[in-house]
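Read the structure below first, then the notes.
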Amino acid sequence: MSVLDSFRLDGKVAVVTGGNRGLGMAFTRALAEAGARVVIAARDVPRSDRVAGELGVSAVATDVTDASSVAAMLETVAEQHGPIDILINNAGVCFHSPALAVPAEEWRAVWDVNVDGLWNCCRVVGAQMVSRGSGVIVNIGSLSGLVVNRPQMQPAYNASKAAVHQLTKSLAAEWAPYGVRVNALAPGYVKTELAPVDRPEFRRHWIEDAPMQRYAMPDELGPSLVYLASDASSFMTGAVLVVDGGYSLF
Ligand code: NDP
């Protein structure tokens, strides 16, 4: 296989949770361009259908916090496309609140989506992959799983992304004997609805502190995602690939 062919995903079935906007939409586009049949799994059905139409992919209404919704998604994808070869656990939420001001429901909401939701998807789709003896999972972690962001405090989010990284390693170790690879992609600041990278109060720490002195656009992360999802990374499992413009160097 040539080097560039190892990045191809022709005939593969890929699911991207939260694939209807931001980084997830960029991942959906990248996987589709690499040849995969991609399914967007998110809650906002009109938005998912619109984006799916634009990108020539399909969409299934899914709430990752509800294990029965994830199981129903798996069934629908199986009927329409076949078993899932690639799972991208991208759905995530973030709130800015200092520790003593975090409302209980905010803490719960972050963990429900970022950790329990990812766990639901790994378990439901992972069971199918383990029984088939093949599959690739890419969990979207974060720079926030490695450093504490400033000036805004976001303890729930930071802890949830550290959990994503360690869960990635745990599942990678457990499922390697079954032919299932599990890696994480940890982006730095990327311009999306989740990250207000343009706001002046964040410029000092988010942009000027970073070696590259800028944020990323979502499509810049697509090639790294395709690398992790494809045979190009065939000997890689349990890794956290940091793509942050050098932010975590200082
Ligand atoms: P956005 O807020 O733009 O998108 C979040 C996506 O998650 C939406 O598509 C949303 O779709 C989906 N989602 C939220 N809750 C659920 C749920 N319960 N079930 C299914 N889907 C859900 O965020 P980003 O694109 O910025 O972030 C994507 C991922 O990248 C997240 O995991 C985030 O933590 C991570 N990340 C982002 C960085 C950044 O700078 N932007 C940096 C590092 C990591 P819907 O509402 O339709 O369900």
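Of all residues in the stretch 180-227, those being part of a helix (DSSP H, G or I), surrounded by fewer than 17 Cβ atoms within 10 Å (Cβ to Cβ) and either within 8 Å of the ligand (Cβ to nearest atom) or under 23 Å from the mean Cα position of the chain (by Cα) (or both) number 3. Take V125 and tell me if it is part of a helix (DSSP H, G or I), within 15 Å of the ligand (Cβ to nearest atom), modelled with pLDDT of 95 or more and open to solvent by less than 20 Å² (accessible area, probe 1.4 Å). When the stated conditions are applied, V125 passes them.
This table checks each residue for (1) at pLDDT 95 or above; (2) within 23 Å of the chain's Cα centre (by Cα); (3) buried (at least 16 other Cβ atoms within 10 Å of the Cβ).
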| residue | (1), (2), (3) |
| --- | --- |
| S68 | yes, yes, no |
| D85 | yes, yes, yes |
| V93 | yes, yes, yes |
| P98 | yes, no, no |
| A101 | yes, no, no |
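Only residues that are closer than 20 Å to A163 by Cα and touching a helix residue (DSSP H, G or I) at 6+ places or on another chain (Cβ under 8 Å) were counted in the stretch 226-238, giving 3. Do the conditions hold for M73, that is, is it surrounded by 23 or more Cβ atoms within 10 Å (Cβ to Cβ) and within 14 Å of the ligand (Cβ to nearest atom)? Judged against the criteria, M73 is a match. Checking each residue in the stretch 1-19 for being within 12 Å of the ligand (Cβ to nearest atom) and open to solvent by 10 Å² or more (accessible area, probe 1.4 Å) picks out only G18. Candidates are the residues of the stretch 34-62 that are of a type outside the set (S, T, Y) and closer than 17 Å to G126 by Cα; the one that is nearest to the ligand (Cβ to nearest atom) is A41.
The values are calculated or read from the model by the stated rules, or taken from the named source; none is laboratory data. The structure presented is a predicted model; accordingly, all values stated were derived computationally and were not measured. We place every Cβ from the backbone using ideal geometry, glycine too, and count neighbours over all the protein chains shown. We work out accessible area using only protein heavy atoms, side chains counted, and drop any ligands, DNA or RNA first. Shrake-Rupley method; radii C 1.70, N 1.55, O 1.52, S 1.80 Å.
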